[in-house]
Amino acid sequence: VGAWVSDMLLYLFGFSAWWWVILAFYSMWLVYQRLELTISERPFLIFNLAGFGMLIAASSALEAGHLISLPASLPLDSGGMIGNALDDVLRSMFGYAGSTMLLLLLFAIGFSLFTGWSWIMMTEKLGSGVINAYQWAWNKYHDWQDRKAGELVEQERTEFVEQERKRNE
């Protein structure tokens, strides 16, 4: 049954069938995370599922029309049957550049709905991480400079103490 299901998913979605594995793990994480919440506190899972649908459709269509080749052996093309059909429809309506932009937009919206992560939150966390990394590196540089100056002062003090000891003898 597993081989049949995997063949069907690879035939329908191409390499994007791996999103189903991510859905399985993410679903387990969502269920585990929501165990202690009351019914009124739980968000609607329909948004997560709609986002997953948009994500896998856009991913399949992007693979079908925009990837040259993948180093994988698939039953159909890299985007699968659904990706090929969706890419053909969108290319006939919007052209290559228009379909690319629409699919990237659908991919971004689908990812955001599926995971529940805001793109603004992700950019804020990325910016915070870059700033923290810069500050960490800057502090390490200043620590190194302080240690270097301390070693120089220690060496000068040692030489001064040696000279004073020799003078007193």
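Quick check: the angle from helix 80-115's long axis to the longest principal axis of the chain, C-alpha only, nearest 10 degrees?
Its long axis makes an angle of about 50 degrees.
Comparing 141, 26, 96, which has the greatest mean-square fluctuation in the GNM of the chain with Cα pairs linked when under 10 Å apart?
Result for the chain, Cα springs under 10 Å: 141 fluctuates most.
At q = 0.11, 0.14, 0.17, 0.20 Å⁻¹, what is the base-10 log of I(q)/I(0) for the chain according to the Debye formula with one equal point scatterer per Cα and no solvent? Please give it to two decimals.
The calculated log intensity ratios at q = 0.11, 0.14, 0.17, 0.20 Å⁻¹ are -0.66, -0.90, -1.08, -1.24.
Run down the lysines and flag those whose C-alpha is under 16 Å from the C-alpha of residue 148, throwing out any fewer than 8 positions away in its chain.
Answer for residue 148, where 16 Å is the Cα cut-off: 140, listed by chain and number.
Taking a cut-off of 20 Å between Cα atoms, list the aspartates and glutamates near residue 166, but don't count ones fewer than 8 places away on the same chain.
By straight Cα distance, residue 166 reaches 154, 156.
Which order do the peptides 53-65, 5-17, 153-165 take when ranked by the mean count of other beta-carbon atoms within 10 Å per residue, highest first?
Final packing ranking: 53-65, 5-17, 153-165.
Could you tell me the accessible area of residue 94 in Å² (1.4 Å probe, neighbours in place), rounded to the nearest ten?
Rounded to the nearest 10, the figure is 110 Å².
222 nm [θ] for the chain, helices only, -39500 (n - 2.57) per DSSP H run of 4+, per residue, to 500?
So the calculated ellipticity at 222 nm is -28500 deg cm²/dmol.
The values are calculated or read from the model by the stated rules, or taken from the named source; none is laboratory data. On a predicted model such as this, the values are computed, not experimentally measured, just so you know. Reconstructed Cβ throughout: ideal geometry from the backbone, glycine too, with neighbour counts over all protein chains shown. Ligands, DNA and RNA are stripped out before the accessible areas are found, and what is left, the full protein with its side chains, is counted by its heavy atoms. Shrake-Rupley method; radii C 1.70, N 1.55, O 1.52, S 1.80 Å.
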